[in-house]
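Before any comments, here is the structure.
The values are calculated or read from the model by the stated rules, or taken from the named source; none is laboratory data. Computed from a prediction, not measured in an experiment: that's the story for all the values here. Glycine also receives a Cβ, built like all others from the backbone with ideal geometry; neighbour counts cover every protein chain displayed.
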Amino acid sequence: MAVKGLGQIDQQYDGSKLRVGIIHARWNRVIIDALVEGAIARMSELGVKEENIVVETVPGSFELPFGSRKFVEQQASKGTPLDVVIPIGVLIKGSTMHFEYISESTTNALMALQDKVNIPVIFGLLTCLTEEQAMARAGVDEAKSMHNHGEDWGAAAVEMAVKFEN
Ligand SMILES: O=c1[nH]c(NC[C@H](O)[C@H](O)[C@H](O)CO)c([N+](=O)[O-])c(=O)[nH]1
């Protein structure tokens, strides 16, 4: 068994009663789409109904914390509250420090968001030094050498929402 990656699922959680929000950035879209597909596929395997998965987008990863909070609030005010939200972004290091500043600030803001919205916020931010790293972690590389992290995020979303439902 690989050393890294999601540990053994401690049990098969039933996602059939969950409403899940996915909010994704639109930078590095090919990789984003693969991660979103992976999360949806895994959640479907765990019983989450397609009509209960709501997808929203924001321009880039920096917009994920604010966008996620407003997304959760909007769904609640419509009378269709979310049980969990999965922000997804792909940050790839460039030649400046932009990557570092966005990575750290967005990560901290997403962590703090959980207390504001009182539902699990799954950490779906890939922070990669190269495009190849990002492709491999979305299962997009030719060799399909790595695992699609979107699947882990989908599984974590179902577990956290079921185990710690409000
Ligand atoms: O999601 C990303 N946003 C990026 N920048 C945009 C940023 O998230 C904001 O959308 C933008 O700064 C406007 O607020 C990225 N880079 O700059 O490299 C990136 O790799 N990924």
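Assorted remarks:
- Within region 72-112, the residues that satisfy the criterion of being within 16 Å of the ligand (Cβ to nearest atom) and surrounded by 20 or more Cβ atoms within 10 Å (Cβ to Cβ) are ILE86, PRO87, ILE88, GLY89, VAL90, LEU91, THR106, LEU110.
- Every residue from region 36-71 that is part of a loop (DSSP other than H, G, I, E, B), surrounded by fewer than 22 Cβ atoms within 10 Å (Cβ to Cβ) and aliphatic (A, V, I, L, M): LEU46
- On inspection, THR80 passes the criterion of being β-branched (Val, Ile, Thr) and not in a strand (DSSP E or B).
- Residues (in contact with a Leu (Cβ under 9 Å, 6 or more places away or on another chain) and either within 20 Å of ARG19 (Cα to Cα) or among the β-branched types (Val, Ile, Thr) (or both)) located in region 83-112: ASP83, VAL84, VAL85, PRO87, ILE88, VAL90, ILE92, ILE102, THR106, THR107, LEU110
- Checking ARG69, ARG42, ARG26, ARG19 one by one, the residue that is modelled with pLDDT of 95 or more, charged (D, E, K, R) and within 10 Å of the ligand (Cβ to nearest atom) is ARG26 and no other.
- Top-ranked residue of region 45-65 - restricted to ones that are without any contact (Cβ under 8 Å) to a residue 24 or more places away in the chain and more than 25 Å from MET146 (Cβ to Cβ), ranked as farthest from the ligand (Cβ to nearest atom): GLU51
- Taken together, the residues in region 114-133 that are more than 14 Å from the chain's Cα centre (by Cα) and either more than 13 Å from the ligand (Cβ to nearest atom) or surrounded by 12 or more Cβ atoms within 10 Å (Cβ to Cβ) (or both) amount to 8.
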